[in-house]
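Read through the structure below, which is laid out as structure tokens, and then see the notes.
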Amino acid sequence: MNPWLLSLGLLLLAALGAPVFSLIGFLALYLFHGAGIDSSAVIVELFRLASLPALVAIPLFTFAGYCLAESKAPQRLVDLAQALFGWMPGGLAVVGLVSCAVFTAFTGASGVTIIALGGLLYPMLRRQNYPENFSLGLLTTTGSLGLLFPPSLPIILYGLVAKVPIDKLFAAAAVPGVLLLLILSAYSLWVGRREGIMKVPFSGAALARALKAAAWEIPLPFLIIGGIYLGWFTASEAAAIMAFYVLIVEAFIYRDLRLKDLPAIASESMMLVGAILIVLGAALGLTNYLIDAELPGRLFDFLHRFVGSKLLFLLVLNAFLLVVNMVEIFSAIIIVVPLIVPVAAQYGIHPVHLGVIFLLNLEIGYMTPPLGLNLFLSSSRFGASLLKLYASTFPFWLMLLAALAAVTYLPGLSLWAVGP
Amino acid sequence: MEKILRIERVLESAERALLAGLLGFMVLLAFLQVALRHVGRWTSEPLSLLWGDTLLRHLVLWLGFLGAALAASRNKQFSMDLSTRLLGGRTRAFSALTCDAFAAMVCAGLLRASIRFFKDEYAQGGILFSAFGVDVPAWTLESIIPGGFALLLVHYALRSLKDLGALRLSR
């Protein structure tokens, strides 16, 4: 078949909405057949999934995250953040930032944040007279904030695909994550002051109430994140602990989840896991073929003619990733990462640094017009038009781009926590 | 049409039940493994089950395929999804049929490939692990690969039939 015609056909199918795994699976079968290799080799590659020790982390973290989202944990989290930060100027906005970051990290950054927390926070923000555009922009942006914090699903997937130790990625990504939180908090404080938002006095009693209500959930981030950073357990062990703990706490201690709700949560969360794994499985065969065909090397040779310096490469990479990530972030990681990692290595970019750049790009891609997922989620959750959302997220988008520039061109920012 | 919906419902509820059972078992087994391993460090005796991690890793494939089958039925597979946002009416129905039929075709190809893979593995008869004195051959857990693609094929075939019906209705 004419390769141009084939590419055109596949692009058309992709645009019409054919599942990503079917496109990849087709290409893998077609290329293996063309190279005279038996089609079962595609399955041999897919079966490599069962030999990745960290893979168990994906279903366990996802299930735990869905359980948290279905329970009343979001309300308790917002109450706690409110008691802690609500007294600051722009305090409620900071509450939103922090609770969304924590929630996104623990629910695997699959867009649940806007649905679960946005609905709680938006009316609160508007009641305190935060401007409509600011509130919309803030919540749309924070819908993916936390993607850079452990144990977010995209970090785990990146580590698996790029073969980078996941604990190192967790450590490296957290620094720019905190930077992002600080930048956005500073902006919120400024808006709070400019708009003359009334401050809510600090209340020790409210804090004590919130602490007591969330007493069973507060240890969770410390246990999981601390345990991974201190080397007590691996990412998949942390996932096992979290899934078990969350199940016990939400179903038997708080009783937010009834036993008969659990099968529905299980199948809902496993649909996401299945969608990720089937793309990953199909892509293992394809990328293996492409690497055997020395595509990354050829890509580098081609790029090197136009893009001489590392800095320019990073700029091109950022632009490319912003476009790719608008499509679908999990597929983007699975398909693009294996091809980009060897090319970036030739330019002398540390694989962990590349990971952080990639993840931050994902985060920004989520809210980049016209197709970023968060924009659509916000539009349906808050009933705002897409055009309005494009405008209201724009200042936030610029701030995230500035953070991306800092992370990209100052590798030390992400690498100092990793060690040599 | 009635029949198609009924087959879909039956398949889906079987997949759901299996998923919930497997996931519950995995949550318990994974936690048990971690607990035993950490207790084992203090007593310096390996307490965790030798076959536990291998079984868990293979069961992830089961979760993945069953979840993917359900996602196919519910149209929750990852896709660009421009057409549902931009197209309307008949064009949209036609593009849905094209995509579902294409996916069904690819699943058939992958099913054929996985049957060949499975036959090889069955003939080799490798043992994956032994638990409680029973040797578990690798093919038992690998059977989900052809099984999973068969499920995906059925779901996409059923979807294509439904799309065809919708296309006829819209005329």
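Of all the residues in the stretch A:176-200, those that are surrounded by 14 or more Cβ atoms within 10 Å (Cβ to Cβ) and assigned to a helix (DSSP H, G or I) number 13.
Inspect all residues belonging to the stretch A:235-254 and state whether any of them is more than 13 Å from every other protein chain (Cβ to nearest Cβ) and touching a residue at least 40 places away in the same chain (Cβ under 8 Å). For the stretch A:235-254, residues more than 13 Å from every other protein chain (Cβ to nearest Cβ) and touching a residue at least 40 places away in the same chain (Cβ under 8 Å): present.
Apart from one condition, A:D38 fits all of (1) within 9 Å of chain B (Cβ to nearest Cβ); (2) part of a helix (DSSP H, G or I); (3) more than 25 Å from B:T91 (Cβ to Cβ); the exception is (2). Taken over the stretch A:262-288, the residue count meeting the criterion of being away from every other protein chain (no Cβ under 11 Å), touching a residue at least 60 places away in the same chain (Cβ under 8 Å) and either surrounded by fewer than 21 Cβ atoms within 10 Å (Cβ to Cβ) or polar (S, T, N, Q) (or both) is 1.
State yes or no: is A:L303 at negative phi and within 14 Å of another protein chain (Cβ to nearest Cβ)? For A:L303, the condition - at negative phi and within 14 Å of another protein chain (Cβ to nearest Cβ) - is not met.
Looking at this structure, is A:R48 buried (at least 20 other Cβ atoms within 10 Å of the Cβ), in contact (Cβ under 8 Å) with a residue 60 or more places away in the chain and not hydrophobic (A, V, I, L, M, F, W, C)? No, not satisfied.
For the stretch B:48-128, the helices (runs of 4 or more DSSP H) that sit wholly inside it and include 1 or more residues that are in contact with a Pro (Cβ under 6 Å, 6 or more places away or on another chain) and of a type in the set (F, W, Y) are B:89-124.
Within the stretch A:201-247, being modelled with pLDDT of 90 or more, in a helix (DSSP H, G or I) and aromatic (F, W, Y) holds for A:F244, A:Y245. B:A101 passes every criterion in (1) closer than 27 Å to A:S267 by Cβ; (2) facing chain A (nearest Cβ under 9 Å) apart from (2).
Within the stretch A:350-368, can one find any residue that is more than 20 Å from A:L121 (Cβ to Cβ), among the small types (G, A, S) and either modelled with pLDDT of 90 or more or outside any helix (DSSP H, G or I) (or both)? Yes, there is a match, as at least one residue in the stretch A:350-368 is more than 20 Å from A:L121 (Cβ to Cβ), among the small types (G, A, S) and either modelled with pLDDT of 90 or more or outside any helix (DSSP H, G or I) (or both). Would you be able to say whether some residue in the stretch B:29-43 is within 7 Å of chain A (Cβ to nearest Cβ) and under 30 Å from A:G17 (Cβ atoms)? No.
The values are calculated or read from the model by the stated rules, or taken from the named source; none is laboratory data. If you're wondering where the values come from, they're calculated on a predicted model, not measured in any experiment. We place every Cβ from the backbone using ideal geometry, glycine too, and count neighbours over all the protein chains shown.
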